[in-house]
1. Can you find, among GLY169, SER260, VAL147, the residue sitting farthest towards the positive end of the charge dipole of the chain, where Lys and Arg contribute +1 and Asp and Glu -1 at Cβ?
2. Just ASP201, ASP60, ASP171 to compare: in a GNM of the chain, with alpha carbon springs under 10 Å, which one fluctuates most?
3. Can you tell me how region 158-246 classifies by the Cα gyration tensor, rounded, prolate or oblate, using a/c under 1.5 as the rounded cut?
4. Only Lys, Arg, Asp and Glu count, each charged at its Cβ (+1, +1, -1, -1), so figure out the dipole size of region 81-143 about its Cα centre, rounded to 20 debye.
5. What would the Debye equation give as log₁₀ I(q)/I(0) for region 80-359 at q = 0.13, 0.16 Å⁻¹, counting only Cα atoms as equal point scatterers?
6. LYS152: which aspartates and glutamates have alpha carbons under 20 Å from its alpha carbon, excluding same-chain residues fewer than 8 sequence positions away?
7. When the gyration tensor of region 51-200 is built from Cα positions, what are the square roots of 5 times its three eigenvalues, in whole Å, from largest to smallest?
8. Roughly how many whole Å is it from the C-alpha centroid of region 328-355 to that of region 196-232?
Amino acid sequence: MASLITDLQSRGIRVEAAVESRKGGAGPSDSGMLWIEGVPVTLPTTAGYATPYVLRREDDGLAVYADGERVAAASSAGRPRYYDLTTDDGIPYWKIALLHLDSLASTVLQTCAYWGNHDQCQFCGIGLSLSAGRTIAKKRPEQLAEVAVAAKELDGAVDATLTTGSTYGRDRGALYVATCGQAIKEAAGLPVEVQFEPPDDLDVINRVHGHGIDSVGIHVESFDPEVLARVAPAKARTGIEGYFAAWERAVSLFGAGQVSTYVILGMGEDPELTVAGCKRAIDIGVYPFVVPLRPIAGSLMEDCLPPDSVYTEGIYHQVVPYLLSRGMDSSGVAAGCARCQACSAMASVERSIKLTASRTG
C-alpha cells in the first residue's frame, strides 16, 4: 500500500467516477479525496500527468485500475451534509471550513503578507480560492465554532486543522488562529491543531498553548537552505535555526509528537540535508510530515511535477524508522495534518514496518 499510494501521489489518477475534491487554496489543493483499501489518501485528479491509474465505479463502490488491471478497492465520502447549511447572514458553511475526509480544515485569514510580492512562497495558493470566490477573507471564531458543531454532528469530523496567512504583526497571526481554535474546542469538543510561522517573540507560543490548543504545525517546508531561499524567501529570513528555536519552545509546552512541520519533497532539495534535518527535528520531539510537492494551478510552481515515487519512498524509508525508534508515530498525534496523513504515505510505511516487526517476532 505504501508503494501504491506514493506512486498515485506522484503520478495522479484519471477519474471516471465523481469524487469529492478540493480546488485551489491552501489545503490539499487540486486533489481528489479517497479511501484506498481503507487508507485516507489525497491525490492529483485534475492535473494532466501521464498516469497509468484510473478510478472506476464498480457495482459495490470504486476501484483503482492500472493499465487495465484492478489494483485496489476505493471509496469516496461524497459531499458533506453540512455544506448545504448557511450562517444567519447567508454565508455557506463550506466557505468557512471544508471537510478533508474526516478532518475539518480552514484558513482563518485567507490573506498573507507575502502574497503577490517578492516574498510569495512559490508552492502556495492561499490567494487563489479567495480570488475565485470560494471562501471569505476572514473567518470569525463564532462562525468556525458553528460550522465545527455541524461538521461533527452531521459528517463525523474527528478533529480541526486551522492555518492562516502570515500577518505583519509580531505574532505572525498565531494568536488569532489560536483564538479560533479555542472557539472550536469549546463548542464542538474537537481536538485542534493550529498552524503558524515562528513568531518574533517566542512567548507567543506560550499564549497559543494557553488557549487549550492540542497540536501546532510550524512549517519549515525544506531543510535545504538554498531551496528555502529560492521558494520561500520570508521563511528563509527566519532561517532553519529560527524554526528549531520555535519548535523547542513548542515541544516544551505541547509535548513530543504534538509539534509538526511540513517537509516538501521535489523542489530540488539535497536528500541528505533533508533526512538529516528530519532526524534532528525528531530528536527534539518534532514530527516531520514529509509530503511530495503538489503543484497548484495558478501558483508560481504550477508547471512543476511531483517528485518521482522512488525518490519519495526512499526518503520515507529513512525518516519513518527513525521516528518509530524515538517512540513517535502518527497514531500519537492529537490533531492536524500529521494525524490525518492523507497527503503522505508515511503512515502506510509505519504500518508496513510494524507488521514486518510483528511477523519476525
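No lab work stands behind these numbers, since they all come straight from the coordinates. Only a predicted model underlies this, so the values are computations on that prediction, with no experimental measurement involved. Every residue, glycine as well, gets a Cβ built from its backbone with ideal geometry; the counts of neighbours run over all protein chains shown.
1. About the Cα centre, the residue reaching furthest to the positive side is VAL147.
2. ASP60
3. On the way: a/c = 2.45, a/b = 1.95, b/c = 1.26.
Taking the square roots of the gyration eigenvalues as a ≥ b ≥ c, region 158-246 is prolate.
4. Details: 6 positive and 6 negative charges, 15 e Å.
Dipole of region 81-143, to the nearest 20 debye: 80 debye.
5. Relative scattering, expressed as log10 I(q)/I(0), comes to -0.86, -1.34.
6. LYS152 reaches GLU20, ASP84, ASP88, ASP102, GLU142, GLU186, GLU193, ASP214.
7. Numbers: eigenvalues 193, 92, 40 Å².
Semi-axis lengths for region 51-200 are 31, 21, 14 Å.
8. 21
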